[in-house]
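Accompanying notes for the structure given below.
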Amino acid sequence: MEEKTRSEMEKELEKEIEKKVTNWVEVAVSVLISVAVVFVISVVIFKIVWGWVVPDLFPGAVDQGLISADLSWLAAVKLAVLVAVIGGFSPTLTDAFKQRP
């Protein structure tokens, strides 16, 4: 009888651990997808909008060479990494912690 109780407890513990691992895998995949989507969108937006907005906002700085009028792809990627990390992690982690019992 004691053996049956032990095996039942082990099965319950196994189910509980499996549920927690599954939840965290779902959260991790969600974070990665969010980061990737925000990254791609950010690269394109930075590259397109920079040449349109920066010369209008900072004409003197562009004329003096303090700010580049055109953003390179590498600089756009660097800015997009920052935005993707901040923008991709925040909503997903917030939702994940709200769902926890």
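Computed with a 1.4 Å probe over protein heavy atoms only, the accessible area of Glu26 comes to about 110 Å².
The string of couplings for the stretch 32-41 from the Karplus curve (6.51, -1.76, 1.60, θ = phi - 60°) is 4, 5, 4, 4, 5, 5, 5, 4, 4, 5 Hz, one whole number per residue in order, with x for Gly and Pro. Hey, what did the chain get for relative contact order, percent, Cα under 8 Å, at least 6 apart? Relative contact order for the chain comes out at 38 percent.
Only one of (1) 6.6; (2) 11.6; (3) 8.9 was calculated from the structure for mean projected area of the Cα convex hull in nm², and its label is (3). Sorting Lys19, Lys47 by solvent-accessible area of protein heavy atoms yields Lys19, Lys47, largest first, with a 1.4 Å probe. As a fraction of the 1.4 Å probe accessible area of the chain, surface on carbon and sulfur atoms comes out at 68 percent.
Stokes-Einstein, applied to the Kirkwood radius of the stretch 1-55 over Cα pairs at a viscosity of 1.002 mPa s and 20 °C, places its translational diffusion at 142 µm² s⁻¹.
Residues of the chain: accessible area per residue at 1.4 Å, in Å²?
Details: 8020 Å² over 101 residues.
Heavy-atom SASA per residue in the chain reads 79 Å².
The values are calculated or read from the model by the stated rules, or taken from the named source; none is laboratory data. Note that the structure is predicted; figures quoted are calculated from it, not measured. Ligands, DNA and RNA are stripped out before the accessible areas are found, and what is left, the full protein with its side chains, is counted by its heavy atoms. Shrake-Rupley method; radii C 1.70, N 1.55, O 1.52, S 1.80 Å.
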